[in-house]
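A short worksheet on the structure shown next.
Every number in this text was worked out from the coordinates using simple rules, so none of it is lab data. Model, not experiment: these values are computed from the prediction. Neighbour counts are summed over all protein chains in view; Cβ atoms, including those assigned to glycine, are modelled from backbone coordinates with ideal geometry.
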Amino acid sequence: MIDKIAWLHLAGGRVLGARSKGKDTWYFPGGKREPGESDVETLVREISEELTVALVPASIAPAGAWEAQADGRADGTVVRMTCYTAEHTGTLAPNSEIAELAWLGYADRPRVSAVCRLIFDDLRSQGRLD
């Protein structure tokens, strides 16, 4: 089981996606915990490192958790993505291992990871993703 914490950032019927250097698949920004970190600590650190913005800790709220086959891993390797919404300060910019950011709509579903496709479906059914 791969345990990932991610930022679900929606605006205008689109969701923020990140593509890592050397990869074609899009993901939601975030990452794995370091030893002893809480979900919130992981999210704040990862988003600061990857997107050069600061999340507002008091605004962080759970958005849900989804599980699917992990991309590029052996069959049966599952990724659990626990997502949070949050406000931020600063200007979004790719940093660290992130090559590119994009505002993704439902038409971009084939370009995202398996677990993100589940989230896309849920957001679409809720009328939150165009």
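Below are the figures for this structure:
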read-out	value
Answer residue from the stretch 1-36, given it is over 20 Å from residue 66 (Cα atoms) and of a type in the set (Asp, Glu) and is surrounded by the most Cβ atoms within 10 Å (Cβ to Cβ) among those	34
Residue count for the stretch 1-37, restricted to those that are of a type outside the set (Gly, Ala, Ser), in a strand (DSSP E or B) and touching a Leu at 6+ places or on another chain (Cβ under 9 Å)	8
Among (1) out of contact with any strand residue (DSSP E or B) (no Cβ under 6 Å at 6 or more places or on another chain); (2) surrounded by 15 or more Cβ atoms within 10 Å (Cβ to Cβ) - the single one residue 127 does not satisfy	(2)
Every residue from the stretch 32-82 that is in contact with a Ser or Thr (Cβ under 8 Å, 6 or more places away or on another chain), among the charged types (D, E, K, R) and free of Cβ contacts under 8 Å to residues at least 40 places away in the same chain	32, 33, 34
